[in-house]
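Notes for the one structure printed next.
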């Protein structure tokens, strides 16, 4: 089915976090590695933040995750506050983390997912409990993968066929989306999907109560609508609580949707149904929307964040929120931000990973469950 007039689904999501650590529980339960690491940090190519968990993709194709390990997902009450390998993943080329599940794009085009499956978000055709990665059925030529709370999507092949699964649809839905470049699935307060097109425009569908689709309305849409005024996007990131941001080719950042805590970065707390410029940013290379905060990496390796800061997720040494971007002290070689619900992580150019903010479920990965208002190194990274 062609994308024009496309009728697809949008759905909400649960509040569970997910990782698969069944082989490494003893070391994580007894404290794991020290949070202080030297120059032997593993080669890391990506960090992905879920609602209360994180995953990293290593250069050797393996994946490590950490954060709260829901007993519904794993069948026990063990939590991991240090990174642990995901069982059976050895040739991943990309990863995505959602509210309650995570997925890896495997070399060759298949997708494997793990975590909560109560709404079919693992793509197995059912809602059975599984404790490790399982292959999404019907996906064999994927080039990108996205995960939200209760569903996932994969973009396949030269024809850019978008397949989605989860929510009340337990098998992938196949739709053709010509000229798509990448996808981003989002959701906790409502949910939906964005597709970044090759021409720099952005299409989206799903819940829209805060204007997070950016089409000038607050009407939920079950088919793609264009984001107003976005013509040179290089990336798009949907947050967990109803806001969205895009990084543009000229280094600026535009955001839209919910703005009760200043997460759009325009100096106000007014919701916006169309994109607004984030004040003062002209050299962004990556942007990540979190719960009610946003962060961007700038040329040269510095990092700025803005929005809600109740648990220190802005990394500025306090819990004072801001409606304008502020520099994260101590971050000088950043390459990729990853914003969770109330925490933030960053991948450094040297393969190190640091996180800050809320940590009751061990999502900072430093072997503790203590919040940090400043960046701390993830154990082993």
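In what sequence do 66, 205, 356 fall when counting other Cβ within 10 Å, fewest first? If you can, show how the numbers build up before the last one.
Values: 66 31, 205 23, 356 28.
Lowest to highest Cβ neighbour count: 205, 356, 66.
For residue 218 and residue 198, compute 0.36 nm times the residue count separating them, minus their Cα-Cα distance, and round to one decimal in nm. Walk me through the intermediate numbers first.
Details: separation 20, 0.36 × 20 = 7.20 nm, distance 2.61 nm.
Gain on stretching residue 218 to residue 198: 4.6 nm.
In what sequence do 254, 128 fall when counting other Cβ within 10 Å, fewest first?
Details: 254 27, 128 11.
Taking fewest neighbouring Cβ atoms as first place, the list is 128, 254.
For the residue pair residue 350 and residue 279, what label-to-label distance in nm results when each label sits 7 Å from Cα along the Cα-to-beta-carbon direction?
Here the modelled spin labels are 3.5 nm apart.
Name the residues of segment 221-244 whose amide N is less than 18 Å from a point 7 angstrom out from the Cα of residue 159 along the C-beta direction?
none
Among 233-239, 268-274, what's the highest-first ranking by average C-beta atoms within 10 angstrom per residue? Kindly include the intermediate steps, with their values, before the conclusion.
Values: 233-239: 23.4, 268-274: 16.4.
Packing proxy ranking, top to bottom: 233-239, 268-274.
In whole angstrom, note down how far apart the Cα centers of segment 259-273 and segment 286-310 are.
Their Cα centres are 14 Å away from one another.
For segment 226-318, what class follows from the C-alpha gyration tensor (a ≥ b ≥ c being the square roots of its eigenvalues): rounded when a/c is under 1.5, otherwise prolate if a/b is larger than b/c, else oblate?
Values: a/c = 1.84, a/b = 1.13, b/c = 1.63.
Oblate.
Sort 279-285, 106-112, 343-349 for me by packing, meaning the mean count of neighbouring Cβ atoms within 10 Å per residue, highest on top. Before the final figure, lay out each step's value.
Details: 279-285: 16.7, 106-112: 18.6, 343-349: 25.4.
Peptide ranking by packing, descending: 343-349, 106-112, 279-285.
Could you tell me whether segment 225-381 comes out rounded, prolate or oblate from its Cα gyration tensor? Rule is a ≥ b ≥ c as square roots of the eigenvalues, rounded for a/c under 1.5, then prolate if a/b exceeds b/c, otherwise oblate.
Values: a/c = 1.95, a/b = 1.44, b/c = 1.35.
Prolate shape, in that a/c is at least 1.5 and a/b is the bigger ratio.
Quickly rank 156-162, 98-104, 371-377, 360-366 as a protection proxy: mean count of other C-beta atoms within 10 Å, highest first.
Details: 156-162: 17.0, 98-104: 30.6, 371-377: 19.7, 360-366: 26.3.
Put in order of decreasing packing, that is 98-104, 360-366, 371-377, 156-162.
By count of other Cβ within 10 Å, fewest leading, how are 261, 151, 51, 177 ordered?
Values: 261 20, 151 31, 51 28, 177 23.
Ordered from fewest to most neighbouring Cβ atoms within 10 Å, 261, 151, 51, 177 come out as 261, 177, 51, 151.
Any idea how far the Cα center of segment 185-248 sits from the one of segment 129-163, in Å?
Taking the Cα centre of each part, segment 185-248 and segment 129-163 sit 20 Å apart.
We did not get these values from a lab; they are worked out from the coordinates using the rules stated. Everything numeric in this text was worked out from a predicted model, so none of it was measured. Ideal geometry is used to build each Cβ from the backbone, glycine not excepted, and the neighbour counts take in all protein chains shown.
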